[in-house]
Amino acid sequence: MAAQPDVLNHERRLSQVESTLPHLATKADLAELKAELHKLEARIIRWIAGLGLGVVGTLIAVLIDRFAG
């Protein structure tokens, strides 16, 4: 007796899902990624603040030189 087409289709689909599962992220993977993104965000904020201070300092130095020098 041959298997019904629906059963074969379900088995094929289940096989595809099971073959994909090892490539998906786990909760631990996502937690690690979240921690890395948080660290990166903090670094970017520090860079932006530092660059902003540098630009403001340069602007002040140019203005002082231009108008008081």
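Every number here is computed from the coordinates shown, using simple stated rules; none is lab data. What you see is a predicted model, and the numbers here were worked out from it, not measured in a lab. Glycine also receives a Cβ, built like all others from the backbone with ideal geometry; neighbour counts cover every protein chain displayed.
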(Q) Through the Karplus equation 6.51 cos²θ - 1.76 cosθ + 1.60, θ set to phi - 60°, convert the phi angles of the stretch 13-23 into ³J(HN,Hα) values in whole Hz; use x for Gly and Pro. (A) 5, 5, 4, 5, 5, 5, 6, 7, 3, x, 8
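Using 0.36 nm times the number of residues separating Glu11 and Ala68, minus their current alpha carbon distance, what extension gain do you get?
Separation in residues times 0.36 nm, less the Cα-Cα distance, equals 12.3 nm.
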Q) Between Val56, Gln16, Ile44, whose Cα lies farthest towards the positive end of the dipole of the chain when Lys and Arg beta carbons carry +1 and Asp and Glu beta carbons carry -1, centred on the Cα centre? A) Val56
Q. What is the dipole size for the chain, taken about its Cα centre, with +1 at each Lys and Arg Cβ and -1 at each Asp and Glu Cβ, in debye to the nearest 20?
A. 320 debye
Q.
Please compute the modelled spin-label separation between Ile60 and Ile48, points set 7 Å along Cα→Cβ, answer in nm with one decimal.
A. 2.2 nm
Q. Here are some values of semi-axes √(5λ) of the Cα gyration tensor in Å: [x] 64, 13, 5; [y] 18, 13, 11; [z] 22, 15, 10. Which one was computed from this structure?
A. [x]
(Q) How charged is the neighbourhood of Arg12? Take every other residue with its Cβ under 15 Å from the Cβ of Arg12, and add Lys/Arg as +1 and Asp/Glu as -1. (A) -2
